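Engineer: This is the structure I have questions about; it appears just below.
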Amino acid sequence: MRAAGPELAAFAAVGLCAYAADLGLFLWLRGPVGLDPLTAKALSFVAGCTVAYTGNALGTYRRDAATGSGGDGVSRLRQYGIFFAVNVAGALVQLLCLAVSHYGLGLTSRRADTVSGAGIGMALATVLRFWGTRTLVFRSPSAPDGQAGQMGRPGRMTWTG
């Protein structure tokens, strides 16, 4: 697990930047621009995914992105599509946690909704996104079959300080 420390830290830093972009754009689109909440959220979600993909491709998984399936424009577009799908799955996990808590368990307070959606749901979605990003999007081509996404795999970029 120690080998994954720099990868987790870089993934988290990129995720925070993506979250800030998503939130900032959402607030701007809802406020000064005056868009409806669903349109604003859809646009800010796509922007956040784009920031996260770019940060992971250029930072966290730079070596894997350069030598893996993202070598040309078509492959990068496919890679982004998979990344986007992983992030949609993460968003669905958050919604599922909220739905189970609110409608299934009857926990309907604002606090319960926040804990289930933004707390538990976000934590589970982050685990899914980390797993999906490292195993489905930025697979190391030098990793043996069945070994993609394992800690310390060949080709993994390591950051030392």
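Engineer: Could you calculate the FRET efficiency of Ala118 with Ala3 from 1/(1 + (r/R0)^6), where r is the beta carbon distance between them and R0 is 30 Å, rounded to 0.05?
Structural biologist: 0.50
Engineer: For the stretch 89-144, what does the alpha-carbon gyration tensor say about shape, rounded, prolate or oblate, given a ≥ b ≥ c as the root eigenvalues, a/c under 1.5 as rounded, and a/b over b/c as prolate?
Structural biologist: prolate
Engineer: Rounded to the nearest angstrom and ordered from largest down, what semi-axes does the equivalent ellipsoid of the stretch 2-137 get from its C-alpha gyration tensor (root of 5λ)?
Structural biologist: Ellipsoid half-lengths, sorted descending, are 28, 19, 13 Å.
Laboratory data are not the source of any read-out in this text; all were calculated from the coordinates shown. A quick note: this is a predicted structure, and the numbers were derived from the prediction, not measured. Here Cβ is always computed from backbone atoms with ideal geometry, including for glycine, and neighbour counts include all displayed protein chains.
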